[in-house]
Amino acid sequence: MGPVAIDCDPGVDDAIALLWAMASPLDLRAVTVVAGNVPLAVTAANARRIVTLAGRTDVPVHAGCPRPLVERLETAAHVHGESGLDGAELPQAEIALAEDHAVDRLIALAHAHDQLTVCAVGPLTNVAMALVKDPAIAPKLARIVLMGGAVGGGNVTPSAEFNFYVDPHAAKVVFASGVPLVMLGLDVTEQVRPTPPRLDRLGAVDNAAGRAVAGMLRPYAARAADGGALHDPLAVAYLLAPELFEGRDAVVEIVAEGTCRGRSVVDVRGRSPHPPNARVVERVDADAVFERLCAALERLP
Ligand code: RIB
Ligand code: CA
């Protein structure tokens with residue numbers, strides 16, 4: 001796999017995804033942040049602190065869009081806390097924000113490397129803006145591996161998962177872009193929850209990163225209706241160990257307006273006349289994924 005950029009809205013599960021990625025043999029060229037779980041100023045500050053915690057201040061953090069393309073920003077501070085990372089003891093950031101806007105950085109990386117992988121785990125505003133600002137990057141992206149959507153029901157409304165609900169127009173742009181997509185929706189991410197045996201395993205990670213993750217997961221799991229599913233880390237897990245996942249190629253259409261705003265309509269019966277535009281991941285070996293997460297955290301300072 002070539003160079004990788006992670007676009008995120010930390011957020012507890014984003015932070016865990018970032019730690020996993022920074023502890024792994026990924027050619028991580030940038031972290032780009034977007035407004036989502038909490039406002040942009042907070043997601044940007046959180047990303048800088050997580051990079052510092054991981055000892056990876058070599059990875060630049062770029063701030064992106066402060067609001068969705070069309071809709072007003074709706075956050076998930078009730079789940080992640082106003083800080084976005086409630087429960088974590090984090091170091092002060094040792095790096096400043098990189099100068100380039102996240103959208104410009106994504107475009108530059110796509111042109112510089114020709115086969116850039118984007119791992120998107122927040123609302124898709126930055127990614128969509130990059131594709132709109134410079135459509136020539138589409139064939140230069142190897143793929144977009146994203147956490148978002150659902151084959152079944154949503155977690156914000158009966159129809160919509162949070163990332164696609166917050167910016168449904170951005171999701172529509174991405175799913176119409178022609179870029180190879182891997183969609184990890186709620187159907188698969190909610191299979192990985194911080195159960196007591198897994199929390200015991202996490203408790204054995206005797207370093208600052210392990211303690212920070214354990215600290216974040218407690219309030220996150222208590223507040224989240226899904227018990228604290230590890231949504232975003234699964235996107236990183238897919239990059240590192242796709243063999244732990246199963247899914248199918250399908251046509252996915254995004255509903256941008258109306259009561260079903262943000263819904264991902266997955267053509268599970270293959271009725272569409274169009275060719276599939278996404279790999280829709282549906283199953284995961286949850287225990288294996290959680291063990292690999294803990295092993296990665298153990299590699300951090
Ligand atoms: O629905 C889960 C997604 O919404 C995750 O990316 C989580 O961080 C929130 O952004
Ligand atoms: Ca997220």
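Observations, loosely collected:
- Residue count for segment 56-97, restricted to those that are under 20 Å from A17 (Cβ atoms) and among the acidic types (D, E): 3.
- Taken over segment 5-36, the criterion of being among the hydrophobic types (A, V, I, L, M, F, W, C), in a helix (DSSP H, G or I) and within 12 Å of ligand 1 (Cβ to nearest atom) is satisfied by V12, A15, I16, A17, L18.
- Exactly one residue out of V121, V103 is within 16 Å of ligand 1 (Cβ to nearest atom), among the aliphatic types (A, V, I, L, M), crowded, with 23+ Cβ neighbours inside 10 Å and under 16 Å from D7 (Cα atoms), and it is V121.
- Any hit, segment 158-177, residues being among the small types (G, A, S) and closer than 19 Å to V12 by Cα: no
- When restricted to residues that are part of a loop (DSSP other than H, G, I, E, B) and either surrounded by fewer than 19 Cβ atoms within 10 Å (Cβ to Cβ) or hydrophobic (A, V, I, L, M, F, W, C) (or both), segment 74-86 contains 6.
- Near pairs, Cβ below 8 angstrom, 6+ apart or cross-chain, from segment 214-239 (over 18 Å from D187 (Cβ atoms) and touching a residue at least 12 places away in the same chain (Cβ under 8 Å)) to any residue that is among the acidic types (D, E) and away from ligand 1 (no atom under 11 Å from the Cβ): G215/E89; M216/D86; P219/D86; Y220/D86
- None of V213, V251, V236 is more than 16 Å from ligand 2 (Cβ to nearest atom) and either farther than 25 Å from V166 by Cα or at pLDDT 95 or above (or both) except V251.
- Here G228 passes the criteria (1) part of a loop (DSSP other than H, G, I, E, B); (2) within 22 Å of V266 (Cβ to Cβ); (3) within 16 Å of ligand 2 (Cβ to nearest atom) except the one numbered (2).
- Among residues of segment 135-150 that are over 16 Å from R29 (Cα atoms), those with a beta-carbon under 6 Å from a residue that is more than 14 Å from ligand 1 (Cβ to nearest atom) at least six positions away or on a different chain give the pairs I137/I107; I137/A110; A138/S177; A138/G178; A138/V179.
- Consider segment 106-118 and keep the residues that are of a type in the set (V, I, T) and outside any helix (DSSP H, G or I). The one that is nearest to ligand 1 (Cβ to nearest atom) is V118.
Results for (1) within 16 Å of ligand 2 (Cβ to nearest atom); (2) touching a residue at least 12 places away in the same chain (Cβ under 8 Å); (3) crowded, with 24+ Cβ neighbours inside 10 Å; (4) not hydroxyl-bearing (S, T, Y), shown as yes or no for each residue.
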site: D9; (1), (2), (3), (4): yes, yes, yes, yes
site: I16; (1), (2), (3), (4): yes, yes, yes, yes
site: A21; (1), (2), (3), (4): yes, yes, yes, yes
site: N46; (1), (2), (3), (4): yes, yes, yes, yes
site: I50; (1), (2), (3), (4): yes, yes, yes, yes
site: R72; (1), (2), (3), (4): no, no, no, yes
site: A93; (1), (2), (3), (4): no, yes, no, yes
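The values are calculated or read from the model by the stated rules, or taken from the named source; none is laboratory data. Everything numeric in this text was worked out from a predicted model, so none of it was measured. Glycine gets a Cβ as well: all are built from the backbone with ideal geometry, and neighbour counts include every protein chain shown.
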